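One structure is given here, and the rest of the page talks about it.
Only the coordinates and a few stated rules stand behind these numbers; no lab work does. This is a predicted model, so every value here is computed, not measured. No Cβ is skipped: glycine too gets one built from the backbone with ideal geometry, and neighbour counts run over all protein chains shown.
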Amino acid sequence: MYLSGESLLVILFVGLVAGWLAGKIVRGAGFGIIGDIVIGIIGAFIASWLFPRIGIHLGVGLVSKIIYSAIGAIILLLIVRLVRGGGRF
């Protein structure tokens with residue numbers, strides 16, 4: 001997977017927004033604003049790699065990237081909560 005400098009900046013920005021959004025949606029599983037942002041950036045990388053490979057396309061543009069990244073960050077937050085919390089959602 002090739003990432004240009006511009007696409008890396010977009011993923012980082014989208015990750016910031018997605019991490020904040022995921023922290024608001026998954027209450028009780030957040031790690032504070034900085035932790036949620038880091039989770040969002042990781043979720044954005046996961047979503048930008050995984051979703052096109054499995055054929056999920058919601059649209060084009062920045063809004064669809066934010067939705068993809070928020071879904072990736074929410075899934076990542078739930079997995080971390082599952083591992084940390086002893087198996088309870």
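Summary table
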read-out	value
Ser69, Ser7 arranged by Cβ crowding within 10 Å, fewest neighbours leading	Ser7, Ser69
Sorted by Cβ density within 10 Å, fewest first, the residues Phe45, Phe31	Phe31, Phe45
Linear extension gain, Phe13 paired with Ile54, 0.36 nm per residue minus alpha-carbon span	12.4 nm
Relative contact order, percent, the stretch 17-84 [alpha-carbon distance under 8 Å, six or more residues apart]	44 percent
Positive minus negative residues near Leu12 (Lys, Arg vs Asp, Glu; Cβ under 12 Å)	0
